[in-house]
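Participant: So that we are looking at the same thing, I have put the structure below in structure tokens.
The values are calculated or read from the model by the stated rules, or taken from the named source; none is laboratory data. Please read all numbers here as calculations on a predicted model, not as lab measurements. Counting neighbours? That spans all protein chains shown, and the Cβs are built from the backbone with ideal geometry, glycine included. Quick note on the areas: whole protein, heavy atoms, side chains included, nothing else; ligands and nucleic acids left out. Shrake-Rupley method; radii C 1.70, N 1.55, O 1.52, S 1.80 Å.
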Amino acid sequence: MNLLLTGCFDYSKHQLQSLEALGYNLHYIQYEKDDLPIDPATIDAIVCNGLFLHHDLAQFSNLGFIQLTSAGYDRVPVNSIDERCIQLHNARGVYSIPMAEWALFRVLEHYKDARGFNKQQESKQWLKHRNLREVDGTKVAIIGAGNVGQEVGKRFQAMGAYTTGFDIHTSETIGFDDMELTEIFPEKVHNFDIIILTAPLLPSTKGMINERILTRMKDNSIIVNIARGGLIDETALINILSARKNIFAALDVFEEEPLNIDSRLWDMENVAISPHNSFVGNGNNERMFKIIFSNLKSFIEQNN
């Protein structure tokens, strides 16, 4: 079987050898926009991220397996893949730990005024800060109670926060003290000190954090987006943050990336920006390859 690998994952020599040992003929391109190394009609399986943003799925007439290195499905033609009964797998659980740690880091950074202390160190000032906050006792809303949301919830629970998950179900879920339907979040938003977005970007979730919700946020609350930029109406966010200096946004993702250099978000004191970096962690490679290997092993066994 022909297996196409791309530069979206950094394979070690041993990892490549283990895939060959399964019975795959390996083919590789570094950049997914590049020309394919073999006829796409001869490719049986692919491990990729955004390959189908640059190559037409219809060309891959023999394709039976796609492994994404992303958790989201928003960069692949899901409907066409389903119609052709191609196996589609994502990176579920791979990035949950570093993303959850990042969400907690951003809240603690804000609550403990890390920016202020860094500025004081640079100017060699010895000044006490008397208005630092605790996570203990806060109410945390996590929009999206999947794998990432659960890891976020567990960490905030460990800090003494009360966590509420918002999703399409209200089943008891690890990491949450309470579960609510996402549709009622707009009526509850004013109750929360911390709002963290971990939901997938779907037609039903695009722009879900709109002007109405941002206006109703509790004074001195913080919103953290580690999911997809499209979940927030960015224009509304800029307008509300300009008018309300007592709310804070920690943004790792944006509607358009890289964030335009002319965006007003760069210069706002009540905004923390990072370049879609929350998913990075030293354990990612091992977790991702376990998924790649396991799914490819199952696929070749099914077809032998």
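Participant: Inspect region 58-69 for any residue being touching a residue at least 60 places away in the same chain (Cβ under 8 Å) and assigned to a loop (DSSP other than H, G, I, E, B) and give the result as yes or no.
Facilitator: yes
Participant: Across region 104-118, what is the total count of residues that are under 23 Å from the mean Cα position of the chain (by Cα) and open to solvent by less than 60 Å² (accessible area, probe 1.4 Å)?
Facilitator: Final tally of qualifying residues: 6.
Participant: Which of the residues that make up region 106-126 are of a type in the set (Gly, Ala, Ser) and assigned to a loop (DSSP other than H, G, I, E, B)?
Facilitator: Ser123
Participant: Between a residue in region 119-135 that is open to solvent by 100 Å² or more (accessible area, probe 1.4 Å) and any residue that is among the aromatic types (Phe, Trp, Tyr) and modelled with pLDDT of 95 or more, which pairs come within a Cβ distance under 9 Å, given they are 6 or more apart or on different chains?
Facilitator: Going by the 9 Å Cβ cut-off, the qualifying pairs are Glu134/Tyr111.
Participant: Still on this model: Among the residues of region 152-191, what is the count of those that are among the hydrophobic types (A, V, I, L, M, F, W, C), within 22 Å of Ile247 (Cα to Cα) and outside any loop (DSSP other than H, G, I, E, B)?
Facilitator: So the count comes out to 6.
Participant: Run down Gly64, Gly72, Gly50 and say which single residue is at pLDDT below 95 and more than 30 Å from Gly160 (Cβ to Cβ).
Facilitator: Result of the check over Gly64, Gly72, Gly50: Gly72.
Participant: Hey, another quick one. Filtering region 49-85 down to residues that are hydroxyl-bearing (Ser, Thr, Tyr) and open to solvent by less than 20 Å² (accessible area, probe 1.4 Å), which residue is farthest from the chain's Cα centre (by Cα)?
Facilitator: Thr69
Participant: Here is a further query. Look at Asn191 and say whether it is open to solvent by 10 Å² or more (accessible area, probe 1.4 Å), over 23 Å from Ser278 (Cα atoms) and touching a residue at least 40 places away in the same chain (Cβ under 8 Å).
Facilitator: In short, yes.
Participant: Of all residues in region 86-98, which are of a type in the set (A, V, I, L, M, F, W, C), within 17 Å of Ile226 (Cα to Cα) and open to solvent by less than 20 Å² (accessible area, probe 1.4 Å)?
Facilitator: If the condition is that a residue be of a type in the set (A, V, I, L, M, F, W, C), within 17 Å of Ile226 (Cα to Cα) and open to solvent by less than 20 Å² (accessible area, probe 1.4 Å), then Ala91, Val94 are the ones that fit.
Participant: With Glu20, Glu101, Glu32 as the choices, which residue is touching a His at 6+ places or on another chain (Cβ under 9 Å) and either in a loop (DSSP other than H, G, I, E, B) or surrounded by fewer than 18 Cβ atoms within 10 Å (Cβ to Cβ) (or both)?
Facilitator: Exactly one of Glu20, Glu101, Glu32 is touching a His at 6+ places or on another chain (Cβ under 9 Å) and either in a loop (DSSP other than H, G, I, E, B) or surrounded by fewer than 18 Cβ atoms within 10 Å (Cβ to Cβ) (or both), namely Glu32.
Participant: Before we move on, is Gln157 surrounded by 14 or more Cβ atoms within 10 Å (Cβ to Cβ) and touching a residue at least 12 places away in the same chain (Cβ under 8 Å)?
Facilitator: yes
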